[in-house]
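Here the structure is laid out as structure tokens; the discussion comes afterwards.
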Amino acid sequence: MAFFKKMLARVGIGNVDIDTQFHTEEFIPGEIVEGIIKAKGGSVEQKVDRIYFQIMTEYLKPVETDANRDGRTEVRLEKESIVVANILLAESLVFAPGEELEIPFEFMLPHETPISIGVSPIWIRTGLDINNAVDPSDRDDIEVLAHPHVAVIFEALEELGFHLHQAENEYYPQADYHLPFIQNFEFIPYQNGEYRSTVDELELVLYPDEDGVDIIMEFDRKTRGFKGLMADMLDLDESHERYYFDAEELEEGASSVADRFREIFDELLEG
């Protein structure tokens with residue numbers, strides 16, 4: 001019987017059971033996350049090589065379909081899960097049968113963790129590596145708020161009469177960035193906004209850290225008449241720019257940041 005139990009354990013029956021409990025319900029990139037892992041041994045002694053977290057999300061990736069009768073392929077968007085970061089919590093643990101253990105942890109939520117805006121979920125997967133056995137795991141969906149530096153950017157745009165229209169994780173590999181997607185934020189002017197007659201939309205990609213926020217911005221001017229139609233067709237009404245807001249100017253508040261955005265927008269509209 002003992003041999004049979006060991007064999008069952010090696011194929012994943014009677015393994016360690018885990019439950020991750022966080023000390024907060026809201027998460028902010030760049031801040032410390034604390035909590036405990038409650039683990040309970042199975043029916044036999046079990047060696048766990050490591051316990052780890054994976055910060056997970058989804059993004060939309062274009063996939064070509066098979067050629068149709070005309071020989072043409074179409075592109076559709078599919079959701080793909082991705083690991084944003086791996087975090088090692090513990091190594092080389094041995095659980096006696098039925099043994100209960102609480103493992104405290106703390107780690108910094110990576111700055112590149114997407115914000116919980118839009119339809120893409122964000123979750124933390126707790127995993128255990130057990131030799132020759134099914135890997136037990138525990139999924140916890142989390143609510144990720146904007147980094148304080150990003151929150152100031154959003155407040156400044158709101159002050160200028162823009163509101164967030166859409167946010168999505170999109171496939172976009174970059175040579176200098178280790179993740180194959182970006183979180184794209186699309187803002188449009190309110191009907192009574194300052195830029196309602198001159199700007200169609202703004203698209204922002206934000207890279208925050210403790211020193212500030214790096215911003216890639218697509219600025220889409222509102223166009224009129226035949227020349228405007230031609231500009232739309234040729235994308236001449238769009239500007240792609242990159243800006244950096246350091247922590248010092250962000251800490252001056254949304255109104256100060258709005259003034260800088262106003263200077264940027266007015267310069268782009270004149271160009």
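Some points to look at:
- Spatially close Lys pairs in the chain, defined by Cα atoms under 17 Å apart and a spacing of eight or more places or different chains, total 6.
- Most mobile listed residue (108, 217, 56) in the chain, GNM with C-alpha springs under 10 Å: 108
- Ligands, DNA and RNA excluded, the heavy atoms of residue 165 present near 100 Å² of accessible surface to a 1.4 Å solvent probe.
- Degrees separating the helix 225-234 axis from the principal Cα axis of the chain, which is the longest one: 30 degrees
- Using θ = phi - 60° and Karplus 6.51 cos²θ - 1.76 cosθ + 1.60, couplings along the stretch 256-261 (whole Hz; Gly, Pro as x): 5, 5, 4, 4, 5, 4
- Within the chain: Cβ-based charge dipole about Cα centre, in debye rounded to nearest 20 (Lys, Arg +1; Asp, Glu -1): 1640 debye
- Calculated mean residue ellipticity at 222 nm for the chain: -5500 deg cm²/dmol, from DSSP H runs with n ≥ 4 weighted as -39500 (n - 2.57), summed, divided by the residue count and rounded to 500.
- When the charge dipole of the chain is built from unit charges on Cβ atoms (+1 for Lys and Arg, -1 for Asp and Glu) and taken about the Cα centre, the candidate among 167, 60, 243 whose Cα reaches farthest toward its positive end is 60.
- Among 31, 74, 170: highest mean-square fluctuation, GNM of the chain, C-alpha pairs under 10 Å: 74
- Multiplying each eigenvalue of the alpha-carbon gyration tensor of the stretch 102-226 by 5 and taking the square root yields semi-axes of 37, 16, 14 Å, largest first, rounded to whole angstroms.
- Highest GNM mean-square fluctuation among 115, 182, 216, for the chain modelled with Cα contacts below 10 Å: 216.
- From the coordinates shown, mean projected area of the Cα convex hull in nm² corresponds to which of (i) 14.5; (ii) 15.9; (iii) 20.6: (iii)
- Residue 107-residue 79 FRET efficiency (beta carbon distance; Förster radius 25 Å; 0.05 resolution): 0.45
- Spatial offset of the stretch 135-172 relative to the stretch 67-110 amounts to 20 Å, using the alpha carbon center of each.
- Distance-filtered residues of the stretch 36-52 - backbone nitrogen under 15 Å, label point 7 angstrom along residue 100 Cα→Cβ: 37-42
The values are calculated or read from the model by the stated rules, or taken from the named source; none is laboratory data. All of these numbers come straight from a predicted model, not from anything done at the bench. Reconstructed Cβ throughout: ideal geometry from the backbone, glycine too, with neighbour counts over all protein chains shown. Please note that ligands, DNA and RNA were not included when accessible areas were found on the heavy atoms of the full protein model with its side chains. Shrake-Rupley method; radii C 1.70, N 1.55, O 1.52, S 1.80 Å.
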